[in-house]
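> Let me give you the structure first, and then I'll get to my questions.
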Amino acid sequence: MPDDVYTHGHQPSVLRSHTWRTIENSAAHLAPRLRPGDDLLDVGCGPGTITAEFAERVAPGRVVGVDRSEEIVATASALATDRLTFRRGDVYGLDFEDRSFDVVHAHQVLQHLSDPVSALVEMRRVCRPDGVVAVRDADYDAFTWAPENELLQRWLDVYRAVARSNDAEPDAGRHLKAWALEAGFSQVQSSASVWCFTDEADRAWWGGLWAERVVDSDLATQAVAAGLATAEDLRDIAEAFRSWAAQPAGWFAVLHGEVLATP
């Protein structure tokens, strides 16, 4: 199995964005397909908050969250119930029988993998014939913001370079349909949606999150180690995010590609 490197890490600035995810803001493309009684697998579940929401939506079906980080699985397990469980697992070798789930979900996972097609093949294996594999990933090169800021462009260039140094695809959103077709799904429905941060509270949250993440995360460590940025560069970028967040005209859009695929 590939030994992939997770670009972000699991620092508090990263986990804040993971715990923010809901079905409404991160899985609206899947919501109409969720049915009471569905068995659901959440791949790359992180701290498990959206996984717990899935469990409420598909009750009385069972929900399993898997993540390769033992520390994160331990955190998520605080949310476990008799129908919701968490375990350590690898997307390239899921420890489940064929056709075990009605829904297999992965959010912001494929962009971090060196072999996303093999991951999709494995997700297809554990999905029932009438079920659905739902994936959603950002497309970093399509991010856009206002006002223009050279340091934010520098941030984007550094991020994409670090991800590519990890043999990952930061612009995964645009590739999801092609990857799903290559993985052998019989039907592939693709779409796109955005996160948009523009009011004062959202700007403060998004700008503050990245101002912290760009100097205190695995991304920061990897960027400096690879010679893609200096610590001073990263501090300047952090200040640029704070400056952007303080501007009433600030606007930031994050494009995502989405796929609903039938085995």
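> Need the C-alpha centroid separation for segment 102-142 versus segment 30-61, integer Å.
That distance is 15 Å.
> If the only charges are +1 at each Lys and Arg Cβ and -1 at each Asp and Glu Cβ, what is the size of the charge dipole of the chain around the Cα centre, to the nearest 20 debye?
Approximately 580 debye in magnitude.
> Round to a whole number: what % of the accessible area of the chain belongs to carbon and sulfur, probe 1.4 Å?
The computed percentage sits at 49.
> With runs of 4+ DSSP H residues as the only contributors, calculate the mean residue ellipticity of the chain at 222 nm using -39,500 (n - 2.57) per run, divided by the residue total and rounded to the nearest 500.
-11000 deg cm²/dmol
> Oh, and also: Along the charge dipole of segment 34-93, Cβ charges K/R +1 and D/E -1, which of Gly46, Leu79, Ala59 sits furthest on the positive end?
Ala59
> Now for a different question. Students often get this wrong: which residues of segment 6-25 have the backbone nitrogen under 20 Å from the point 7 angstrom along Cα-to-C-beta of Ala225?
Output list for this probe position: 6-15.
> With a/c under 1.5 counting as rounded, go ahead and sort segment 1-137 into rounded, prolate or oblate using the C-alpha gyration tensor (a ≥ b ≥ c being the square roots of the eigenvalues; past the cut-off, prolate if a/b is larger than b/c, else oblate). Show your work: numbers first, answer last.
Details: a/c = 1.43, a/b = 1.12, b/c = 1.28.
Note, shape of segment 1-137 comes out rounded.
> May I ask you to give the solvent-accessible area per residue for the chain, in square angstrom, as obtained with a 1.4 angstrom probe? Intermediate values should be presented prior to the final figure.
Numbers: 11260 Å² over 263 residues.
Per-residue accessible area for the chain comes out at 43 Å².
> In the Gaussian network model of the chain, springs joining C-alpha atoms below 10 Å, which of Trp155, Trp195, Trp210 carries the largest mean-square fluctuation?
Trp195
> How much length is gained if the chain between Glu71 and Asp199 is pulled fully straight, taking 0.36 nm per residue apart and subtracting their Cα-Cα distance, in nm to one decimal?
Numbers: separation 128, 0.36 × 128 = 46.08 nm, distance 3.39 nm.
Gain in length upon complete extension: 42.7 nm.
The values are calculated or read from the model by the stated rules, or taken from the named source; none is laboratory data. This one's a predicted model, so the numbers in the text were calculated from it and none came from an experiment. Because the Cβ atoms are built from the backbone with ideal geometry, glycine has one as well, and the counts that use them run over all protein chains shown. In case anyone asks, the SASA skips ligands and DNA or RNA and just uses the protein heavy atoms, side chains included. Shrake-Rupley method; radii C 1.70, N 1.55, O 1.52, S 1.80 Å.
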